[in-house]
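Heads up: the structure comes next, in structure tokens.
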Amino acid sequence: MVPDQAAPYEAMVWYLAKRSQELFIGNPVRHFQHLATRMSGEHAELRSWRAWACFHLAESVLPESDYPRDFEQIEKEGLEIPSLEEVEKNLPSSDSSSLPAAKALARKLPVTRS
């Protein structure tokens with residue numbers, strides 16, 4: 001991702017909420033948790049904060065019973081998941097319009113079970 005270009009949060013929320021029930025998508029919540037904690041390379045810190053934003057958005061549109069956090073990683077690594085408010089404070093200004101739009105969309109869309 002380009003640091004000064006907004007992340008496509010709204011598209012991700014729409015995709016997760018509108019996915020076909022027959023489509024295997026793995027566990028996006030767990031995926032973004034792992035991605036955020038294992039980021040390396042160019043712009044790693046920014047990409048990690050964006051992964052945490054995606055983590056929180058995925059949790060907001062997917063049922064927790066079907067898409068849980070990785071509690072084993074949390075316990076084993078003593079992982080403290082940042083709040084969405086903390087994530088927002090660490091995102092670049094370019095994300096300041098796309099993240100609120102995605103949060104608003106997530107509130108409108110129904111949570112669907114797999």
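All of the numbers you see were taken from the coordinates with simple rules; none came from a lab. These numbers come from a predicted model, not from an experiment. Note: ideal-geometry Cβ built from the backbone for every residue, glycine included; neighbour counts use all protein chains shown.
Summary of values
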read-out	value
Karplus 3J(HN,Hα) series, Hz, for region 27-43 with 6.51 cos²θ - 1.76 cosθ + 1.60 (x for Gly, Pro)	10, x, 4, 5, 4, 5, 4, 5, 4, 5, 8, 10, 5, 8, x, 4, 6
Residue among HIS56, HIS34, HIS43 with the largest mean-square fluctuation in a Gaussian network model of the chain, springs linking Cα atoms under 10 Å	HIS43
Lys, Arg +1 and Asp, Glu -1 on Cβ, resulting dipole of the chain about Cα centre, debye, nearest 20	420 debye
Shape call, the chain: gyration tensor on alpha carbons, a/c limit 1.5	oblate
Förster radius 30 Å - calculated FRET efficiency between ILE25 and ASN90, Cβ distance, rounded to 0.05	0.65
J(HN,Hα) series, region 69-86, from Karplus relation 6.51 cos²θ - 1.76 cosθ + 1.60, nearest Hz, glycine and proline x	5, 8, 5, 5, 5, 4, 6, 5, 9, x, 5, 10, 7, x, 5, 4, 5, 5
